[in-house]
Amino acid sequence: QGLTLSKHPDEPVAVPEGTRLEEYTLSYKTRDENGDQVAQQATVTVGFAGDRVYIQGMCAFLPESWIEGQLVNGQLVLDLPQYMGTYDDEYQIAYPIYLNGFDLQTGLLERQVTLDYDPATRVFSNQSMPMGYGINKTGYLNVQDIYEVVLEPVQNFIIGDVNNDGRVTIADVTDLINYLLSGDATAINLAAADVDGDGRCNIGDVTELINILLTN
């Protein structure tokens, strides 16, 4: 059971240097030992590096593991299965753990799971397709299934309020330009400066911020 043959051993996801990390709240539903659906919540870390998004802590029994996805047309696309690491249980048996997705109607494995992404609120959500943590790549013998996943940023701030003064003004444009020229982020909120929500701070955010000021 759980046998996997491959040419190369699976490697866990590695987060590149320079990835912007944020604290997020993970909400989801799962089933308890009686098969009843229960709501759960946890704190996770989300990393943004261009159009790549990294999430750490989704699997409670592998809190250090990361999964990786790509932002495409307003959705976070997770290619599956993803190897998350090895879990050692109380009997000293090592289980490789994979993130899988499956169709509720057929039970068949999905090769991708998508979460909708709102760049204004920076919230990720999936209300339809379930995911699961399994001990092999087929999705068989899932350890835990999770449904109705929502990821919300813990820190509340105004998008475009680069200098954290509670308002979006021309001063935020100036501070963002100064950051782009100097690389000094000590006086700004990088998450708020990512105005277009693509995970990077660049000239496109300056343009988007000016558009916000002109239309408000």
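The values are calculated or read from the model by the stated rules, or taken from the named source; none is laboratory data. These numbers come from a predicted model, not from an experiment. Note: ideal-geometry Cβ built from the backbone for every residue, glycine included; neighbour counts use all protein chains shown. With ligands, DNA and RNA removed, areas are computed over all heavy atoms of the protein, side chains included. Shrake-Rupley method; radii C 1.70, N 1.55, O 1.52, S 1.80 Å.
Odds and ends about this structure:
- Top-ranked residue of segment 50-75 - restricted to ones that are surrounded by 14 or more Cβ atoms within 10 Å (Cβ to Cβ) and among the polar types (S, T, N, Q), ranked as farthest from Asn202 (Cα to Cα): Ser65
- Flag for Thr174 being in contact (Cβ under 8 Å) with a residue 40 or more places away in the chain, farther than 29 Å from Met58 by Cα, more than 21 Å from the chain's Cα centre (by Cα) and open to solvent by less than 80 Å² (accessible area, probe 1.4 Å): no
- Among the residues listed as Thr86, Thr43, the single one being of a type in the set (Val, Ile, Thr), open to solvent by 50 Å² or more (accessible area, probe 1.4 Å), under 18 Å from Val154 (Cβ atoms) and touching a Phe, Trp or Tyr at 6+ places or on another chain (Cβ under 9 Å): Thr43
- Inside segment 189-199, residues that are open to solvent by 20 Å² or more (accessible area, probe 1.4 Å) and either in a loop (DSSP other than H, G, I, E, B) or free of Cβ contacts under 8 Å to residues at least 60 places away in the same chain (or both) make up a count of 2.
- Residues within segment 1-55 that are touching a residue at least 40 places away in the same chain (Cβ under 8 Å), within 21 Å of Leu76 (Cα to Cα), out of contact with any strand residue (DSSP E or B) (no Cβ under 7 Å at 6 or more places or on another chain) and not hydrophobic (A, V, I, L, M, F, W, C), tallied: 1
- Listed by position, the strands (runs of 3 or more DSSP E) enclosed by segment 69-180 that each have at least 2 residues that are touching a Gly at 6+ places or on another chain (Cβ under 6 Å) and at pLDDT below 90 are 142-153.
- Some residue of segment 168-191 being within 30 Å of Gly101 (Cβ to Cβ) and small (Gly, Ala, Ser): yes
- Candidates Ala60, Ala49 - the one that is out of contact with any Pro (no Cβ under 7 Å at 6 or more places or on another chain) and small (Gly, Ala, Ser): Ala60
- Residue in segment 132-142 that is closer than 23 Å to Gly47 by Cα and either surrounded by fewer than 17 Cβ atoms within 10 Å (Cβ to Cβ) or touching a residue at least 12 places away in the same chain (Cβ under 8 Å) (or both) present: yes
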